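Asks: Got a structure for you, questions after.
The values are calculated or read from the model by the stated rules, or taken from the named source; none is laboratory data. Everything quoted here is computed from the prediction, not taken from an experiment. Methodologically, a virtual Cβ is constructed for each residue, glycine included, from the backbone with ideal geometry; neighbour enumeration extends over all protein chains shown.
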Amino acid sequence: MNQQISQETLKKILQAVDIDELSYEEIESAFLEEESIKDYIPDGICQVDPRNGDRIVYNTARAHRPHDNVPVDEIEEPAFSNQDCAICSGKTTGVLDYAELSEGFTFINKNLYPIHYPTDGSERYPTDYGKQSPKPDGIPTHGLHFLQWTSSFHDRDWHNMPLADRVIVLERLGALERKLLTGSEHKMPPTKSIGGQTEKRGYVSIIKNQGRLVGGSLVHGHQQIGFSNVMPGKFRRHWLFSKQRGENFASYLLRLNPDHLTIQDYGPAVLLVPYFMRRPYEMYLVLKDTSKQYLHELNEGELSAVADGWHDAILAILRVMPKIGRETAYIVTAINGPGAGLYFEFLPYTQEMGGMEHLGLYLCQGNPDLSASHIRQILDVDPEEEMGVDSLESAT
């Protein structure tokens with residue numbers, strides 16, 4: 001039988017079955033009471049790059065993770081294989097949401113090494129933090145950081161799970177998103193919003209890092225969900241884009257991206273290569289109803305379309321990277337909120353960042369037309385051949 005976390009092991013760390021049944025205060029308390037997290041609490045401070053509005057949050061404790069800052073000859077490879085998986089053995093934090101799949105289950109727990117934590121930072125860094133250096137005091141941060149494990153099976157993820165199971169995973173992700181956005185208004189510290197007004201609100205960031213080269217510390221497939229009062233810089237840029245152009249970015253992209261760069265149309269959503277592709281084989285999955293901004297707003301048909309798009313985009317990445325001689329590694333980001341519509345970026349690590357890129361001039365070793373054509377070809381394969389993709393993932 002494939003390696004997985006068992007029901008018996010899960011019961012030892014199960015704190016709640018349905019996150020919808022928890023209040024935001026109860027979720028915060030679960031973080032504050034998790035003893036294993038207390039050695040990795042973030043610094044609680046965010047600085048803003050005055051050139052472009054990028055936000056930088058600090059957590060010096062994350063440098064003490066087992067796989068960080070270790071000499072190359074001392075790196076323990078099992079962290080990146082299916083041997084001694086911490087998740088399969090249940091060596092992780094308490095679980096706050098659980099749902100059965102056709103085989104196994106999906107679950108959400110607390111990130112052991114959080115970027116955001118339910119504190120304003122005063123417990124770790126008193127008010128003289130900013131006085132110890134010439135830098136501004138920064139923004140006190142407050143929030144939560146979760147992990148969603150796509151499947152209890154170690155070798156299952158978006159590329160090799162049935163559609164119905166993928167939809168369940170999205171539904172649970174949407175349930176967490178909804179709880180965070182609707183249950184936390186009175187808990188967020190005051191911060192300046194996009195419009196410059198001071199208000200209490202939070203921002204949900206959903207990402208997936210898979211592979212050692214992009215910071216993925218475990219192979220067991222998962223998503224990260226961050227929630228805090230700190231607005232990611234891209235969210236702000238999308239809001240400004242919509243104010244300047246009179247439409248959100250998803251609407252703009254659907255209107256102007258050339259048809260020949262479409263990879264697959266799922267009805268409610270479309271998978272495409274953007275005409276401004278920065279790196280070979282980048283893909284965007286764009287929801288066609290551009291009035292919707294969040295995952296929890298999607299209906300059943302839209303969730304199925306998104307689930308199919310995630311499947312195809314990740315499968316394409318897993319197939320194409322070994323063919324071009326690259327170690328399999330990729331990032332997925334969910335772009336939501338005012339000014340964005342809702343879309344997902346699939347960013348394979350096909351090319352390193354160089355000096356020109358840091359100046360804002362991207363040199364791409366590929367072009368959108370060829371990438372779109374190759375992705376369509378590589379997805380047009382007998383479904384039975386997908387079985388071979390599992391070995392690609394376990395090799396990262």
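Asks: Restricting attention to region 291-310, does a residue exist that is outside any loop (DSSP other than H, G, I, E, B), closer than 24 Å to Leu363 by Cα and assigned by TED's automatic domain parsing to the domain that holds Tyr252?
Replies: no
Asks: Now, a different point. Filter region 171-184 down to the residues that are crowded, with 22+ Cβ neighbours inside 10 Å and under 14 Å from Gly301 (Cβ atoms) and list them by number.
Replies: none
Asks: Another question, then. Go through region 1-34 and give me each residue that's among the polar types (S, T, N, Q), in contact (Cβ under 8 Å) with a residue 24 or more places away in the chain and over 24 Å from Leu218 (Cα atoms).
Replies: Ser23
Asks: Mind checking whether some residue in region 325-336 is surrounded by fewer than 15 Cβ atoms within 10 Å (Cβ to Cβ), part of a loop (DSSP other than H, G, I, E, B) and touching a Phe, Trp or Tyr at 6+ places or on another chain (Cβ under 9 Å)?
Replies: The answer is yes; a qualifying residue exists.
Asks: Separate question: Criterion first (assigned to a strand (DSSP E or B) and in contact with a helix residue (DSSP H, G or I) (Cβ under 6 Å, 6 or more places away or on another chain)) does Ile378 satisfy it?
Replies: no
Asks: On to the next question. Kindly indicate whether any position in region 301-320 is of a type in the set (Val, Ile, Thr), surrounded by fewer than 21 Cβ atoms within 10 Å (Cβ to Cβ), modelled with pLDDT of 95 or more and more than 18 Å from Ile378 (Cβ to Cβ).
Replies: No.
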